[in-house]
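Just so you know, all these numbers are worked out from the coordinates, no wet-lab data involved. As the structure is a prediction and not an experimental result, all values here were calculated from the model. Methodologically, a virtual Cβ is constructed for each residue, glycine included, from the backbone with ideal geometry; neighbour enumeration extends over all protein chains shown.
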Amino acid sequence: MCALIQVGLPGPVRGEVRKCVPTGEDAEGPFYKPGAPEVLSTGSGITVSGDVISYPGCRPLPGARIEWWHADRSGRYVDSLRGMQKTGTKGSYAFTTSPPGVYPGRPPHIHFKVSVPGHKPLTTQLYLRGGEKAIRFEMVVEAE
Ligand SMILES: [Fe+2]
């Protein structure tokens, strides 16, 4: 039985409850850098949490590697706002960061890369509405 999950828009659609459906890909953009440190926090103000889930099968994925990066208040990408986390035994993750800044032509967003053995890598973005302090973001990755 698949868990009901929420996914976000424009890549993933937020506020819409859907069944276990692969999370949409979104642009990596030019600011990704590998090697972000494993951390619980890259700032303060908003907490993003959720599960990494396998499709099909809808099972949670322990040990999934999640990287995130976003712009600072002035719209620049800096190393201190890059982090990595691995999901725990129940496939969950949670990190706290600062509200992303904006840069020309883009709404506030956080970039993600998810890597899990046996699954296609996922690169996506989470779009923020502003004023949110706790955001749930499930990431559904496709088995290879
Ligand atoms: Fe970006």
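Lysine pairs in the chain with alpha-carbon atoms under 23 Å apart, 8 or more places apart or on different chains: how many are there? Step by step, the pairs that qualify in the chain add up to 12.
Couplings for the stretch 49-56, taken from phi via the Karplus curve 6.51 cos²θ - 1.76 cosθ + 1.60 with θ = phi - 60°, read 9, x, 10, 9, 10, 8, 10, x Hz in order; Gly and Pro are left as x.
Please state the shape class of the stretch 27-84: rounded when a/c is under 1.5, otherwise prolate if a/b exceeds b/c and oblate if not, all from the C-alpha gyration tensor. If you can, show how the numbers build up before the last one.
Details: a/c = 2.20, a/b = 1.82, b/c = 1.21.
Cα axes put the stretch 27-84 in the prolate bin.
Could you please rank Val52, Val39, placing first whichever residue has the fewest other Cβ atoms within 10 Å of its Cβ? Don't jump to the answer; show the numbers that get you there.
Details: Val52 26, Val39 15.
Sorted ascending by nearby Cβ count, the order is Val39, Val52.
Structural descriptor for the chain: relative contact order 31 percent, calculated from alpha carbon pairs under 8 angstrom and at least 6 residues apart. Just need log10 I(q)/I(0) for the chain at q = 0.12 Å⁻¹, Debye formula, equal scatterers on the alpha-carbon atoms, no solvent, rounded to two decimals. Values, matching the q order: -0.43. For the stretch 74-105, applying the loop criterion from DSSP together with a ceiling of 16 other beta carbons within 10 Å to the trypsin sites (Lys or Arg not before Pro) yields Arg76, Lys90. Here the residues Val114, Val140, ranked from fewest to most Cβ neighbours within 10 Å of their Cβ, fall in the order Val114, Val140.
Once backbone amide H atoms are built at 1.01 Å from N, Glu142 has Tyr55, Lys120 as its partners under 5 Å, excluding neighbours fewer than 5 places away on the same chain.
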